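Below is one structure; the comments refer to it alone.
The values are calculated or read from the model by the stated rules, or taken from the named source; none is laboratory data. All figures in this text were calculated on a predicted structure; none of them were measured in a lab. All Cβ positions, even for glycine, are placed from backbone atoms using ideal geometry, and neighbour counts span all protein chains on display.
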Amino acid sequence: MTEYATTDLEQMTPKEYRSIVRRGEFTGSVLRACRGYVMADVAIVPKEYAFAFFLFCHRNPRVCGVLDVTEPGSPHPLSVAPDADLRTDLIRYQIYKDGKVVDEPTDITDYWRDDLVAFLNGCSGSFDWSLQASNVHYRTIGAYRTNIRCVPAGPFRGNMVVSCRLFESAHDALRAIQITSRHLLVHGPPVHVGDPTLIGIEDLNRPEMSLVEEVAPQQPKEIPLFWACGGTLRNIAREAKLPFMIVNYPGGGFVTDKPSEELAIL
């Protein structure tokens, strides 16, 4: 396994980054890769469920902003990264059968079928670059299940998962809302501000998925903001109980060729 410094990952082009993932040289989190480019979560379903999933995305745009949809059987997202291969260019995948994870491979070539349709949904890691460039002071701590129900479509239903960022001041929090409101395809503005218990989160120190080695307790002046998160896809996969469905592993999304500012609202 090749070691890559954070600065090296940030400076890579999406094509360079996907090539090291494809060769199995990097298996860490995608969140520090390719500064300024849009990241995506990936959900792959059989063609017979594709319309229902597209309808689910339409009804829940803050959760699943659609960046691209592949043709049945094609692993190439032609609109956002035509040279990429979704079978090999993600760090890790989760294979669901009847709502249960049966495998977590780094390559899904052996699982690929001619009837599969891939959806690329915007990831909030995409706007972190914009927050940092604007000198907004915050820290990201993790993702949490909530009591917010998504609007169902066909077999797809479940509760929203959110990511939490703690901001040092009201000014930073307001700037974050302004900036992320321009990035609607990558979750847009927060879905909740303030008291986490109001959305069913009992303890911020115990995220479902931690993005740091150790979660430092919230400080008195820190303001929590919560964004819809691609982790929702795993809840949906568990509840939908399709005979077959694939989603990306936590922290293992896809990097597109699209700069974040290209897709932002002016």
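Summary of values
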{"item": "Single unsatisfied condition, L185 versus (1) in contact (Cβ under 8 Å) with a residue 24 or more places away in the chain; (2) farther than 18 Å from T140 by Cβ; (3) out of contact with any Gly (no Cβ under 7 Å at 6 or more places or on another chain); (4) aliphatic (A, V, I, L, M)", "result": "(3)"}
{"item": "Only listed residue being over 17 Å from the mean Cα position of the chain (by Cα), within 23 Å of S74 (Cα to Cα), modelled with pLDDT of 95 or more and assigned to a helix (DSSP H, G or I), chosen from D110, D172", "result": "D110"}
{"item": "Flag for L166 being farther than 25 Å from L263 by Cβ, outside the structural domain of D89 (by TED's automatic domain parsing) and free of Cβ contacts under 8 Å to residues at least 60 places away in the same chain", "result": "yes"}
{"item": "Residue identified as closer than 11 Å to V255 by Cα and not in a strand (DSSP E or B) among L55, L31, L78", "result": "L31"}
{"item": "Residue tally, condition modelled with pLDDT of 95 or more and crowded, with 16+ Cβ neighbours inside 10 Å, over the stretch 194-221", "result": "3"}
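Let's see how each residue does on (1) modelled with pLDDT of 95 or more; (2) assigned to a loop (DSSP other than H, G, I, E, B); (3) buried (at least 23 other Cβ atoms within 10 Å of the Cβ):
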position: D114; (1), (2), (3): yes, yes, no
position: N121; (1), (2), (3): yes, no, yes
position: S130; (1), (2), (3): no, no, no
position: N147; (1), (2), (3): yes, no, no
position: V162; (1), (2), (3): yes, no, yes
position: L166; (1), (2), (3): yes, no, no
position: A176; (1), (2), (3): yes, no, yes
